[in-house]
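The values are calculated or read from the model by the stated rules, or taken from the named source; none is laboratory data. What you see is a predicted model; the values in this text were computed from it and never measured. Positions of Cβ are generated from backbone atoms using ideal geometry, with glycine treated the same way; all protein chains shown enter the neighbour counts.
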Amino acid sequence: MEIAEILKSADGFRLELDHDQQRADLVLDRPPLNVITMKQREQMAAVFAALGRDPAVRVIVLRGAGEHFSSGGDIPGFMAQSPEHLSTLAHNVAAPERCAKPVIAAVHGYCFGVALELALACDFRVVAESAQLALPEQRIGMIPGSGGTSRLVKMIGISRAKDMAMRSRRVSGSQAHAWGIALAVVPESELAKEVAGLAEELAYFSPLAQRTLKKVINAAQDSPLHVGIELEGEAYGRLRASDDFREGVESFKARRKPKFQGS
């Protein structure tokens, strides 16, 4: 399904495109807390996939409208789903990770439950000092079910992951940065500027090399060292034949800015 068709019935989010910056913003937009429904998860996953195929988009930003990123999922809605369906929710939430483009989560205010799981599936997280991050599912007799604990363990270690998830503890933006969850922490007034700078930087690089590197790094996270090194080497060799690499070498010799085409 193409993006235009999805957006006709978009549930709790909108898409903003900046063609000059080659940037797409997927904006959580169900005020006041931007609660994420089951339908919304599926639709956003489809949008991420479509944006990944769009050559006009180089960088994607996931952010929330209003005072908060998102307070999490539609809690009563879980009771309407079968156990089998709930066990597959992680696939939709992993859409930013599967997407070939770099994805930045711009986090402010509440970032709870599935909202944090979505942010953790992004490549970069830039957070406001006022942000509060948490996996509060224990408070309703549940556990995170969309990859939150698994990603946290790999990102910050088992002790800190247990501290957050088993205590349903809220972590501040500054603490998230200190622990390595966030790439940067800034005053909320500076969040948009910080994200814009990162998006512009990422859009500069070869889209072919960038999507290859994202794939290699993601694979290395779950691979033994020698397997990761082999995958990296094979990808390195394939890029040798690319137009972007040739352009990179020629621009380096000519001391000019490269013009990458993604091929």
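So the values come out like this:
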read-out: Filter result for Ser71 (in contact (Cβ under 8 Å) with a residue 24 or more places away in the chain and either in the same structural domain as Lys101 (by TED's automatic domain parsing) or farther than 27 Å from Pro187 by Cβ (or both)); value: yes
read-out: Residue count, region 113-138 (criterion: crowded, with 24+ Cβ neighbours inside 10 Å and of a type in the set (Phe, Trp, Tyr)); value: 0
read-out: Count of region 88-108 residues which are in a loop (DSSP other than H, G, I, E, B) and surrounded by 22 or more Cβ atoms within 10 Å (Cβ to Cβ); value: 4
read-out: Some residue of region 112-121 being in the same structural domain as Leu17 (by TED's automatic domain parsing), closer than 18 Å to Glu188 by Cβ and in contact with an Asp or Glu (Cβ under 6 Å, 6 or more places away or on another chain); value: no
read-out: Leading residue by the ranking (nearest to His108 (Cα to Cα)) among those in region 123-158 that are assigned to a loop (DSSP other than H, G, I, E, B) and touching a His at 6+ places or on another chain (Cβ under 7 Å); value: Ala131
read-out: Residue in region 167-174 that is without any contact (Cβ under 8 Å) to a residue 12 or more places away in the chain, in contact with a helix residue (DSSP H, G or I) (Cβ under 6 Å, 6 or more places away or on another chain) and either among the small types (Gly, Ala, Ser) or not in a loop (DSSP other than H, G, I, E, B) (or both) present; value: no
read-out: Unmet criterion (only one of (1) within 24 Å of Ile140 (Cβ to Cβ); (2) at pLDDT below 95; (3) surrounded by fewer than 21 Cβ atoms within 10 Å (Cβ to Cβ)) for Gly73; value: (3)
read-out: Residue within region 202-220 that is part of a loop (DSSP other than H, G, I, E, B), free of Cβ contacts under 8 Å to residues at least 40 places away in the same chain and buried (at least 17 other Cβ atoms within 10 Å of the Cβ) present; value: no
read-out: Residue in region 31-70 that is surrounded by the fewest Cβ atoms within 10 Å (Cβ to Cβ), counting only those that are in contact with a strand residue (DSSP E or B) (Cβ under 6 Å, 6 or more places away or on another chain) and part of a loop (DSSP other than H, G, I, E, B); value: Ala65
read-out: Residue in region 155-168 that is surrounded by fewer than 17 Cβ atoms within 10 Å (Cβ to Cβ) and within 18 Å of the chain's Cα centre (by Cα) present; value: yes
